[in-house]
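The structure appears right after this line, and notes come after that.
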């Protein structure tokens, strides 16, 4: 029997399991996937850090996001395999912003099907033998959130300008003209942060 695809990448069989797990009893077609997903959003939970001694506070975590250069955007493809994509980004107004070509690639296809993503940055990772102990000094941040297309033209322009300024701070000639070319070929996306954790291990942790 063919496992019919309903919506948002969910098959009828998987949807039935979700209904059963949620304790929902309904006639076929009585509850839509979108209705159930809306209810599930209230139950989103994230595992706390195991090693709290290395946890950064919110202020330092936000500072690390501002300082980060590149990140790994983790999505899930239609076969259920995780896919990590190295990508440039900017942290702005409490959100992560990225840009992609308007021609769909794997990451765009993946987060269009399933907008839940994880975004990870590593500010530094340095092998260490401090106090004759083999280890690594590091700072990193993991962000969990949901991707959406930036549709407002003013917001998109501000995002693309911020990304250009971050990576090319000395490029000041005709940014307006440069953006007009980018705007035709690129999309901007916003990752609204649901949860984030920052970790840092320095010499004080030894």
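The values are calculated or read from the model by the stated rules, or taken from the named source; none is laboratory data. Just so we're clear, the structure is a prediction, and the values are computed from it rather than from any experiment. Ideal geometry is used to build each Cβ from the backbone, glycine not excepted, and the neighbour counts take in all protein chains shown.
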Residues in the stretch 69-111 that are under 21 Å from residue 158 (Cα atoms), under 10 Å from the mean Cα position of the chain (by Cα) and without any contact (Cβ under 8 Å) to a residue 60 or more places away in the chain total 1
Within the stretch 142-149, identify whether any single residue is in the same structural domain as residue 56 (by TED's automatic domain parsing), touching a helix residue (DSSP H, G or I) at 6+ places or on another chain (Cβ under 6 Å) and over 30 Å from residue 49 (Cβ atoms), and answer yes or no. no
Taking the stretch 66-83 and keeping residues assigned to a strand (DSSP E or B) and either outside the structural domain of residue 145 (by TED's automatic domain parsing) or farther than 25 Å from residue 161 by Cα (or both) leaves 75, 76, 82, 83
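Let's see how each residue does on (1) touching a strand residue (DSSP E or B) at 6+ places or on another chain (Cβ under 9 Å); (2) modelled with pLDDT under 95:
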| site | (1), (2) |
| --- | --- |
| 46 | yes, yes |
| 54 | yes, yes |
| 61 | yes, no |
| 67 | yes, no |
| 70 | yes, no |
| 75 | yes, no |
| 79 | no, yes |
| 85 | yes, no |
| 88 | yes, no |
Taking residue 63 as the residue in question, decide whether it is in a helix (DSSP H, G or I) and under 15 Å from residue 196 (Cβ atoms). yes
Only one of 199, 192 is under 24 Å from residue 108 (Cα atoms) and either surrounded by 11 or more Cβ atoms within 10 Å (Cβ to Cβ) or without any contact (Cβ under 8 Å) to a residue 12 or more places away in the chain (or both). Can you tell me which? 192
